[in-house]
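Here the structure is laid out as structure tokens; the discussion comes afterwards.
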Amino acid sequence: MTRGHVDLAIKRAPRQKRAIETYERILDVAARLLCEIGVERISTNLIAAGAGIKVPTLYRYFPNKYAVLMALGDRLMTHQNAVIEEWLARSAENPKPDALIADILFLIERTIEVTRAEPGALAISHALRALPPLQDVRIASHRMMSDVIVERIGALLPHTSRDELWPRIRLSIELCYAAIEMALEEPKVDAATVANETSAHIQAYWREWLAAAAKR
């Protein structure tokens, strides 16, 4: 599949209780099918049948299966991004930029917990990487959260440019998400070990640089 134009927009956001329940059931069934049969075999017909609705009912909300998968990815990333906001809030009263890095273990552990609780999270993450129409959704989310963290750390380091901070933060986010996927898919390494080792690596990566930046 090439990275061409695919309509990923939700046709209609559900407002009434029954419509919201139907919408969420569509997503939950799609997540289950994604795990069971894979992204290539999943279809709107199978999703509708699994959700106990007619295909035209599904099309009220989604134009195609990729829009359903996009909504799944958006739901997962919204929950993951909320953990980043929680992580930022935990050190809001501490004026030192290294307070965030010292608390990185919380961010990784909590994101693993939230991701594991999401139906089909690992399969969704794989789909966001594998399908060209959905790759930009994942990248845009990671860039957005990089911007949020840059603003927070940048405010604490007034003599450091945002352009210098952004690549380091973007790389750190990518490392965290790679570790989170590993925690979910690698049975030979427990999640606690993944979280602790990743935290140690990121802290080492930032510690010396932050110390030098604080002296500018």
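Some notes on this structure:
- Test: residue in the range 109-130 that is part of a helix (DSSP H, G or I) and over 26 Å from residue 29 (Cα atoms): yes
- Meets criteria (under 20 Å from the mean Cα position of the chain (by Cα) and part of a loop (DSSP other than H, G, I, E, B)) for residue 83: no
- Listed conditions (1) surrounded by 12 or more Cβ atoms within 10 Å (Cβ to Cβ); (2) more than 15 Å from residue 124 (Cα to Cα) are all met by residue 31, apart from (2).
- A count restricted to the range 129-177 and to residues that are small (Gly, Ala, Ser), buried (at least 16 other Cβ atoms within 10 Å of the Cβ) and free of Cβ contacts under 8 Å to residues at least 60 places away in the same chain stands at 3.
- Top-ranked residue in the range 150-165 [being touching a Lys or Arg at 6+ places or on another chain (Cβ under 9 Å) and in a helix (DSSP H, G or I); ranked as farthest from residue 68 (Cα to Cα)]: 156
- Scanning the range 185-204 for residues that are loosely packed, with under 15 Cβ neighbours inside 10 Å, part of a helix (DSSP H, G or I) and not β-branched (Val, Ile, Thr) yields 185, 192, 196, 197, 200, 201, 204.
- From the options 73, 120, 38, residue that is buried (at least 18 other Cβ atoms within 10 Å of the Cβ) and at positive phi: 120
- Pairs, first free of Cβ contacts under 8 Å to residues at least 40 places away in the same chain in the range 13-30, second surrounded by 10 or more Cβ atoms within 10 Å (Cβ to Cβ), C-beta under 6 Å, six or more apart: 20/14; 23/14; 23/61; 25/51; 29/47; 29/50; 29/51
- The lone exception for residue 128 - which of (1) modelled with pLDDT of 95 or more; (2) more than 19 Å from residue 88 (Cβ to Cβ) it fails: (1)
The values are calculated or read from the model by the stated rules, or taken from the named source; none is laboratory data. From a predicted model like this one, the values you see are computed outputs, not experimental measurements. Cβ coordinates were reconstructed from backbone atoms using ideal geometry, including for glycine residues, and neighbour counts include every protein chain displayed.
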